[in-house]
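Read through the structure below, which is laid out as structure tokens, and then see the notes.
The values are calculated or read from the model by the stated rules, or taken from the named source; none is laboratory data. None of these values were measured; they are calculated from a predicted model. Cβ: placed from backbone, ideal geometry, glycine included. Neighbour counts: every protein chain shown. Surface areas here come from the heavy atoms of the whole protein model, side chains and all, with no ligands, DNA or RNA. Shrake-Rupley method; radii C 1.70, N 1.55, O 1.52, S 1.80 Å.
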Amino acid sequence: MLVLGLETSCDDTAAAIVRRDDDGACRILSNEVWAQHEDHAAFGGVVPEIAARSHVERLDGTIERAVAKAGISFADLDAVAATAGPGLVGGVMVGLTTAKAVAMAHGLRLVPVNHLEGHALSARMTEDAPFPYLLLLISGGHTQLIRVTGVGKYDRLGTTIDDAAGESFDKTAKLLGLGAPGGPKVESAAVGGRADRFDLPRPLLKHEGCDFSFSGLKTAVREAATGLENPTGQDLADLAASFQEAAARHLAHRTEKAMAMMPEAGRLVVAGGVAANCAIKKMLQQLCAANSWGLIAPPPKYCTDNGAMIAWAGAERLAAGLAAQQDEAMAMAPRARWPLADPGEGKRFGSGRKGPKA
Ligand code: KG4
Ligand code: ZN
């Protein structure tokens, strides 16, 4: 099965061609990503209207490159999958509408994909990640622990009660004047920094369950930064390292709670843009080793937003007989909000032909 995947839910314009064999093996034939950081640089954050306009301008060319690099033609494709939400709705509309046009023009199945499901299944493209597994999904807009028992079978165990993990990296980068993209800038600023210099809080340390909270950390970083007169490069490195360490420790602490809720899994999959962070992966590796669990982490280029994971989620849905019918798919509207799983409602999204409800 050969699938074109489109991703336009935030500030990356992405298209990829992925092949799924009958035995479930995945081959990523191309994976084109046009990052829009420069378009938004002057504004200190992603501007939805600019993002949507950039997707309009770049998506066609990105698709053409993906098709050319894969060495295929549109006639070889079986389906086109596109992020249908959640995300910035203007951008989602560009990708979904383009996918509908491609599907109509070339007689292809259209598979609207939940962006979070793209992340949730992304590790299965490149790693041996059989179900069930515990998923730590850490991105710019989401921070969740999810019990994954199959394609479309997701139970949310925990979520953030305020900021997302990636958002806290982005805000910290802005505060320290490091620029965008925040996560990678903080990670490189932290190299050579002393992680034990600033005593940052340990959020929700005594709380039951496995929810997250990042806003206190962000405030503590701001207070520490304003306490420094004329901060030097070393000060910034120490602050970045201290923040990164505190964020990693918090993620690991809450993940350990979720592991206790799902002891049968024995496997932790980490996904989403923040999963590209080496310090976080190292901390999770230690946690897994201490509990005799396996850690499965996709390569960084498949952690941050990409079209391959959308194509793959579409292929997994088609293979499992869980893709929406063509007429329903063609009628689907973009969704700004679209939870992957609600507490205790994992089954609701797994069985219906219609696909998830918002
Ligand atoms: O999954 P993603 O590409 O887009 C969303 O779905 O949100 O995640 C983007 C987030 C951003 O907040 C970005 O700063 C963060 O992932 N990120 C990182 C790293 N690379 C990207 N955070 C920490 N360390 C990184 N190396
Ligand atoms: Zn994402």
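Before moving on, here are some points about what is shown:
- Rounded to whole numbers, the Karplus 3J(HN,Hα) couplings from phi for region 45-51 are x, 6, 9, x, 5, 5, 4 Hz, using 6.51 cos²θ - 1.76 cosθ + 1.60 with θ = phi - 60°, and x at Gly and Pro.
- Cα principal axis extents for region 164-308, largest first, Å: 52, 39, 23
- For region 228-291, the alpha carbon positions stretch 52, 19, 17 Å along the principal axes, listed from largest to smallest.
- Counting every pair of alpha carbons in region 1-60, the share spaced more than 13 Å apart comes to 62 percent.
- For the pair Ala331 and His37, the difference between a 0.36 nm per residue extended length and the Cα-Cα distance amounts to 102.7 nm.
- Its residues counted as N, region 76-148 yields a C-alpha radius of gyration over 2.2 N^0.38 Å of 1.28.
- Global form of region 269-315, assessed from the alpha-carbon gyration tensor, a/c cut-off 1.5: oblate
- The separation of region 101-142 from region 221-245, counted between C-alpha centres, amounts to 37 Å.
- At most 12 other Cβ within 10 Å, DSSP loop - trypsin sites (Lys or Arg not before Pro), region 244-302: none
- Here the 3J(HN,Hα) profile of region 109-124, calculated from phi with Karplus coefficients 6.51, -1.76 and 1.60 at θ = phi - 60°, is 5, 9, 10, x, 10, 6, 3, 5, 5, x, 5, 4, 9, 4, 5, 6 Hz, Gly and Pro shown as x.
- Fraction of beta bridges assigned by DSSP in the chain that are antiparallel (%, nearest 5): 60 percent
- Pairs over the 28 Å Cα-Cα cut-off, from the set Lys185/Lys281; Lys185/Lys282; Lys185/Lys206: Lys185/Lys206.
- Near the amide H of Ala82, within less than 5 Å, lie the amide hydrogens of Leu6, Val111, Val113, all on another chain or at least 5 residues away, with H placed in the peptide plane.
- The Lys69 and Ser292 beta-carbon pair, evaluated with R₀ = 35 Å, returns a calculated FRET efficiency of approximately 0.30.
- Taking amide H as placed 1.01 Å from N in the peptide plane, Thr159 has its amide H under 5 Å from the amide H of Leu145, Asp211, Phe212, each at least 5 places away in sequence or on another chain.
- Average projection, convex hull of the Cα set of region 244-328: 7.1 square nanometres.
- Relative pair counts by distance (%), Cα atoms of region 85-202, 5 Å bins: 2, 9, 13, 15, 16, 16, 13, 9, 4, 2, 1, 0
- Backbone amide hydrogens, once placed in the peptide plane, bring Arg194 within less than 5 Å of Asp238, excluding anything fewer than 5 places away on its chain.
- Ordering Ala237, Ala99, Leu137 by the projection of their Cα atoms onto the charge dipole of the chain, which places +1 on the Cβ of Lys and Arg and -1 on the Cβ of Asp and Glu, puts Leu137 at the extreme positive end.
- Nearest-ten-degree value, helix 215-226 long axis tilted from longest Cα axis of the chain: 50 degrees
- 3J(HN,Hα) from dihedral phi, region 131-140, Karplus parametrisation 6.51/-1.76/1.60, rounded to Hz, x for glycine, proline: 6, x, 8, 8, 10, 9, 9, 10, 9, x
- The calculated pair-distance distribution of region 1-130 uses every alpha carbon pair, bins of 10 angstrom beginning at 0, and gives 13, 44, 33, 9, 1 percent.
- With eigenvalues of the C-alpha gyration tensor scaled by 5 and rooted, the chain, Å: 34, 24, 17
- In Å², nearest 10: area of Arg147 left accessible to a 1.4 Å probe: 60 Å²
- About its Cα centre, the dipole of region 208-329 is roughly 300 debye, where the only charges are +1 on Lys and Arg Cβ and -1 on Asp and Glu Cβ.
- Placing unit charges on the Cβ atoms only, positive for Lys and Arg and negative for Asp and Glu, gives region 145-275 a dipole magnitude near 320 debye about its Cα centre.
- In the chain, helices alone account for a calculated mean residue ellipticity at 222 nm of -13500 deg cm²/dmol, with every DSSP H run of four or more residues adding -39,500 (n - 2.57).
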